[in-house]
Amino acid sequence: MYELSEIGEDLHEEYGVVPTTDLNYIYIENLEERINNPLVKIGRSNLEYFIIYDEIVNLYLKFLNEIMLNYARKTINSEIEYMNIILRDGSYIILEGDERKVTVPFPKGISTVHTHPGVCLFSYKDLETADSLLSIGYIAVAVMNTDCVSFLYRRGVYTFEDKQTLKELANRIKKSKNINDIISIYNSLTFPEYMRFVIYQL
């Protein structure tokens, strides 16, 4: 899936056409030159390639339910945070942090989550980290507790406009005075391009 998303992004950027997919191949129309990639076909499927990102997030959500929910429970009991990173080859790592924080030099990856002892919303520091990770190719960055998971994820290229929105969001969260302010900020959040913010109940 991740490889398909990368191919779709590259073709979208290079040719200015939104490729399509059947979740097995990427299709592009009206292209005269040959593309030497067995995952690319000339033609059209019925789904825009953006659907691949939704599929990746749905698969990750299942993984979080199966694997990371136990770590979220540990965090509620101890306030020790845990982080999971899905690597580019599909393997994953789980790291133990400290009370109310977990930091790591990030490898190249697809998605990451860390557990919170409180609400499943991004702190301003989490948002700054999310910006860095989305800039180097991560698709999804998430925060979870035992009740919910908040996802920031891209559906296509991470654009300058999305980056600016995320930076402004981090500044607003940093200045917020209480949890009601933070919830209000997130409720009004919209991205101009390909980013999404979604909260899933567990």
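For segment 2-33, the set of residues classified as within 18 Å of the chain's Cα centre (by Cα) and either of a type in the set (S, T, N, Q) or at positive phi (or both) consists of Ser5 only. When segment 101-119 is filtered for residues that are more than 23 Å from Asp54 (Cα to Cα) and open to solvent by 90 Å² or more (accessible area, probe 1.4 Å), the ones remaining, listed by number, are Lys101, Thr103, Pro105. Of all residues in segment 49-89, those satisfying the criterion of being closer than 23 Å to Ile136 by Cα and free of Cβ contacts under 8 Å to residues at least 40 places away in the same chain are Ile51, Asn58, Phe63, Tyr82, Met83, Asn84, Ile85, Ile86, Leu87, Asp89. Screening the candidates Leu152, Leu127 for the property of being closer than 30 Å to Lys74 by Cα, out of contact with any Pro (no Cβ under 6 Å at 6 or more places or on another chain), hydrophobic (A, V, I, L, M, F, W, C) and in a helix (DSSP H, G or I) yields one hit, Leu127. Annotation note: of Phe106, Phe122, the sole residue that is under 20 Å from Asn145 (Cα atoms) and part of a loop (DSSP other than H, G, I, E, B) is Phe122. Could you tell me whether segment 163-171 includes any residue that is outside any helix (DSSP H, G or I) and either over 22 Å from Gly97 (Cα atoms) or more than 13 Å from the chain's Cα centre (by Cα) (or both)? No, segment 163-171 contains no residue that is outside any helix (DSSP H, G or I) and either over 22 Å from Gly97 (Cα atoms) or more than 13 Å from the chain's Cα centre (by Cα) (or both). In segment 176-202, the residue that is most open to solvent (accessible area, probe 1.4 Å) out of those that are among the hydroxyl-bearing types (Ser, Thr, Tyr) and assigned to a loop (DSSP other than H, G, I, E, B) is Thr190. The residues in segment 155-169 that are over 9 Å from Phe191 (Cα atoms) and crowded, with 19+ Cβ neighbours inside 10 Å can be counted, and the count is 4.
The values are calculated or read from the model by the stated rules, or taken from the named source; none is laboratory data. Because the structure is a prediction, the values reported are computed rather than measured. Because the Cβ atoms are built from the backbone with ideal geometry, glycine has one as well, and the counts that use them run over all protein chains shown. Each accessible area value is taken on the protein alone, full model and side chains, heavy atoms only, with ligands, DNA and RNA left out. Shrake-Rupley method; radii C 1.70, N 1.55, O 1.52, S 1.80 Å.
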